[in-house]
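The values are calculated or read from the model by the stated rules, or taken from the named source; none is laboratory data. As the structure is a prediction and not an experimental result, all values here were calculated from the model. A quick note on method: Cβ atoms are made from the backbone with ideal geometry, for glycine too, and the neighbour counts reach across all protein chains shown. Only protein heavy atoms, including side chains, enter the accessible area calculation; ligands, DNA and RNA are left aside. Shrake-Rupley method; radii C 1.70, N 1.55, O 1.52, S 1.80 Å.
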Amino acid sequence: MSEQSRSTGRIRGTGSRRRKPSRRHRAKIVAAWTAAGVVVVGGAGLGYAYTVLDGNLSSVDIDAKLGADRPDDVDDGSQDILVLGSDSRSGDNGEYGADEGGARSDTAMVVHVDKGHKSASVVSIPRDTLIERPACTSDTTGDPVPAQHRAMFNTAYEVGGPACAVKTVESMSGIRMDHYLEVDFTGFKELIDELGGVEITTRTGIDDAKSHLDLEPGTHTLNGEQSLGLVRTRKSVGDGSDLGRIQLQQAFIKALMEQAKSVGVFSSPKKLFGLADAATKAVTTDSGLSSVKKLTGFAGGLKGLNAKNVHMVTLPVEYDRVDPNRVLPQEEAGRQVWAALRNDRPIPASATEKSAGDKGEAAQVVE
């Protein structure tokens, strides 16, 4: 970062281009905005380091917290994973704002990997979506948290932690989540830096005071701080809402997936270990992925995935007439989306064609 950038507090793009490799490695990654998904899959080659990496992991027993009152566990070979990005300001994340006592799920994606593990569908859930939040249990006090009508989606994590977030998604979708992955601001930055940055091309400039990102049109290799600024950018793209930010996040994921397979991650044990070490320190998982052995088993089934076979959509929504800063799920369209995932089928284009989430200019900012 230049002296001028430091003095202004702005994150400026490098404008540099990364040379295209002569040989590309197949991506072994689950589609999610979090780089944790990329690196965790890379952990498949690190059997010799189980003890070191196991000590890094944090996990939560979702099954124990939610009990039997959940959708049926459909054992057809497909996988459904809830991926959350936490906006906690505690610890090292304090530089991004004051810690107000509770983190929220700043980003949420349901990742459905088909039973053949050759393609995936990703459904982003806007944090400002007003939903029927089910009754939960506080993960800090253990006290009951009553159900709430017209609750913002991201409050589920705030009041009940990962288990309540999973319960809320399962209530909305009727789909049992097989796994849970969470990463926070600092962990995200460190993963991107360990990867060596991510190359993106912006068609228009981005100058966002909130995320402190300042990029001119062109191709840039973003470091961790800049990448975090991009996925947090909202006010300066599209209509300035969370819907535009989701479109930026989805574009970044595609670039991240391409980057992961172009830097020789899977052919360099040293690089692989560094990434896996950063990932296992950064992520929180469900108990089903709470060891490197479990993670590698999960990863082994995702070898056929690549960016071209990942379809990303935003949950169909419309602006709330009472509060235009909030959105409401489009019920019929939403049913089509969740039904497609439940039946292991592609999401029909008709399900999202009238959604506010798939409109606007933000999707054209990053390519």
(1) in a loop (DSSP other than H, G, I, E, B); (2) open to solvent by less than 20 Å² (accessible area, probe 1.4 Å) all hold for Leu248 apart from (1)
Test each condition in (1) over 19 Å from the mean Cα position of the chain (by Cα); (2) in a helix (DSSP H, G or I) for Met257 and report the one that comes out false. (1)
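Considering each of Thr204, Thr233 in turn, give the residue that is open to solvent by less than 30 Å² (accessible area, probe 1.4 Å), polar (S, T, N, Q) and at negative phi. Outline the logic, then answer.
On the way: Thr204 fails: open to solvent by less than 30 Å² (accessible area, probe 1.4 Å).
That would be Thr233, the only listed residue that is open to solvent by less than 30 Å² (accessible area, probe 1.4 Å), polar (S, T, N, Q) and at negative phi.
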Could you list, in sequence order, the residues of region 307-354 that are part of a helix (DSSP H, G or I) and in contact (Cβ under 8 Å) with a residue 12 or more places away in the chain? Ala307, Asn309, Ala333, Gly334, Gln336, Val337, Trp338, Ala340, Leu341, Arg342, Ser350, Ala351
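Ala307: out of contact with any strand residue (DSSP E or B) (no Cβ under 6 Å at 6 or more places or on another chain), open to solvent by 30 Å² or more (accessible area, probe 1.4 Å) and aliphatic (A, V, I, L, M), yes or no? Before the answer, list the steps.
Numbers: out of contact with any strand residue (DSSP E or B) (no Cβ under 6 Å at 6 or more places or on another chain): yes; open to solvent by 30 Å² or more (accessible area, probe 1.4 Å): no; aliphatic (A, V, I, L, M): yes.
No.
Tell me which residues, restricted to region 199-236, are among the β-branched types (Val, Ile, Thr) and either part of a strand (DSSP E or B) or out of contact with any Leu (no Cβ under 6 Å at 6 or more places or on another chain) (or both). Step through it out loud before you land on a result.
Narrowing region 199-236 to residues among the β-branched types (Val, Ile, Thr): 200-202, 204, 206, 219, 221, 231, 233.
Answer for region 199-236, where residues must be among the β-branched types (Val, Ile, Thr) and either part of a strand (DSSP E or B) or out of contact with any Leu (no Cβ under 6 Å at 6 or more places or on another chain) (or both): Ile200, Thr201, Thr202, Thr204, Ile206, Thr219, Thr221, Val231.
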Residues located in region 172-198, provided they are over 20 Å from Thr280 (Cα atoms), part of a helix (DSSP H, G or I) and open to solvent by 10 Å² or more (accessible area, probe 1.4 Å): Met172
Six or more apart or on different chains, Cβ atoms under 6 Å: show the pairs whose first residue is in region 281-293 and under 13 Å from Ala163 (Cβ atoms) and whose second is open to solvent by less than 40 Å² (accessible area, probe 1.4 Å) and in a helix (DSSP H, G or I). Asp286/Ile62
Looking at Gly297, Gly304, Gly357, which is the one that is touching a residue at least 12 places away in the same chain (Cβ under 8 Å) and assigned to a helix (DSSP H, G or I)? Gly357
Go through region 332-367 and give me each residue that's surrounded by 19 or more Cβ atoms within 10 Å (Cβ to Cβ), of a type outside the set (A, V, I, L, M) and modelled with pLDDT under 90. Gly357
How many residues, within region 105-127, are open to solvent by 20 Å² or more (accessible area, probe 1.4 Å) and more than 13 Å from the chain's Cα centre (by Cα)? 6
